[in-house]
1. Being crowded, with 17+ Cβ neighbours inside 10 Å and within 19 Å of residue 137 (Cα to Cα) is the filter here; which residues of segment 276-307 pass it?
2. Scan segment 79-90 and give yes if some residue there is within 23 Å of residue 125 (Cβ to Cβ) and either assigned to a loop (DSSP other than H, G, I, E, B) or among the β-branched types (Val, Ile, Thr) (or both), otherwise no.
3. Take segment 91-104 and flag every residue that is outside any loop (DSSP other than H, G, I, E, B) and of a type outside the set (D, E, K, R).
4. I'm checking my understanding of the structure. Among residues of segment 81-116 that are of a type in the set (A, V, I, L, M) and more than 27 Å from the chain's Cα centre (by Cα), which one is surrounded by the fewest Cβ atoms within 10 Å (Cβ to Cβ)?
5. Taking residue 49 as meeting all but one of (1) assigned to a loop (DSSP other than H, G, I, E, B); (2) of a type in the set (S, T, N, Q); (3) within 21 Å of the chain's Cα centre (by Cα), write down the number of the exception.
6. Checking the structure you have, find out if any residue of segment 268-275 is under 30 Å from residue 64 (Cα atoms), surrounded by fewer than 19 Cβ atoms within 10 Å (Cβ to Cβ) and more than 20 Å from the chain's Cα centre (by Cα).
7. Need pairs with beta-carbon distance below 9 Å; first residue surrounded by fewer than 22 Cβ atoms within 10 Å (Cβ to Cβ) and hydroxyl-bearing (Ser, Thr, Tyr) and within segment 139-163, second assigned to a helix (DSSP H, G or I) and modelled with pLDDT of 95 or more; sequence gap 6+ or separate chains.
8. At pLDDT 95 or above, surrounded by fewer than 20 Cβ atoms within 10 Å (Cβ to Cβ) and not assigned by TED's automatic domain parsing to the domain that holds residue 193, is that true of residue 130?
Amino acid sequence: MSIRSVAVLTSGGDSQGMNAAVRAVVRSAVFYGLDVFGVQRGYKGLIQNEIRHMDLRSVGDIIQRGGTILQSARCLEFLTPEGQQQGANVLKDRGIDALIVIGGDGSYQGAEKLHHLGIRTMGLPGTIDNDISFTDRTIGFDTAVSIVVDAINKLRDTMSSHERASIVEVMGRHCGDIALHAGLASGAETILVPEVPFELKEVANRLKENFQKGKRHSIIIVAEGVGSGNDIGNQLQEMSGLEPRVTVLGHIQRGGSPTHNDRILASQLGDFAIRKLLEGESGKACGILKGELTTTDLTTVVTSKKAFDMDLYQLALRLSQ
């Protein structure tokens, strides 16, 4: 059965490049002669029928903007079967044939539920954490890493001037990719991630050794999933006698204009989702693997955990001496 209309929503935490993805979905849909609609405030807006028609003008001058023009919101009601059915009913009542969901794991779970309720769905990986399986990169990850690297570069200048250690806490409750990639790119001496066990005593000893070797500074990257940067800083001070300065980057990692890599990835995936819907696919997550655009069943994606890149982690260890 062919589709004549499609809606798009953004859900979960915002990520840089979501607007570029929305733009690609809308413009590709218009190119192929589809009616296209935007759902405001994620699944909450879907349940409440906050849906508006979109056209080329709706997505003008947004490719460079962070955040999401469609906004996002938590929706506990959509976690229930009744809420999911309400969302499906709204789409059916509006005569909308398909829905593209841009977001992370929780957003994908919602899209999977709608698929099983008879709604044709596609998921696009919009999250800075890079924790979606069956895609090498997620929309927003490249920008978030760039923001962290820039912050570390600036911290390194002042830490060198005062011969201090710096702890930088970054996002990543369950996935250490931001910490790993930013740490490797910035030459951090220590990278602490949820996927790799560590002993703080060893970190403290290494910190002391670095300064005894004549290093003027030391950078420790901490993914939030391993603990609070401030707590780790206090423990390291007790163990080493050195007083590290702690910087918690927080939501600054989500903001700002997306890098060209995120804009291109978002544009590719948004157009790809439209084309795959037109080819009859549904209940799929769009991603990129080894440079190739791919689709994977949403059920497979939401029940899989993305493998941590231990080779990259070991490289960071070898280069951090």
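1. Within segment 276-307, 284, 285, 286, 287, 288, 293, 295, 296, 298, 301, 302, 306 qualify.
2. No.
3. 91, 98, 99, 100, 101, 102, 103
4. 90
5. All conditions are met except number (3).
6. To start, the set of residues in segment 268-275 that are under 30 Å from residue 64 (Cα atoms) comprises 268-275.
Within this subset, residues satisfying the condition of being surrounded by fewer than 19 Cβ atoms within 10 Å (Cβ to Cβ) are 268, 275.
Okay, now just the ones that are also more than 20 Å from the chain's Cα centre (by Cα), so 275.
Yes, that holds for at least one residue.
7. Note: pairs meeting the criteria are 146/182; 146/185; 146/261.
8. It is false that residue 130 is at pLDDT 95 or above, surrounded by fewer than 20 Cβ atoms within 10 Å (Cβ to Cβ) and not assigned by TED's automatic domain parsing to the domain that holds residue 193.
The values are calculated or read from the model by the stated rules, or taken from the named source; none is laboratory data. Fair warning: this is a prediction, and the values are worked out from it, not measured in the lab. Note: ideal-geometry Cβ built from the backbone for every residue, glycine included; neighbour counts use all protein chains shown.
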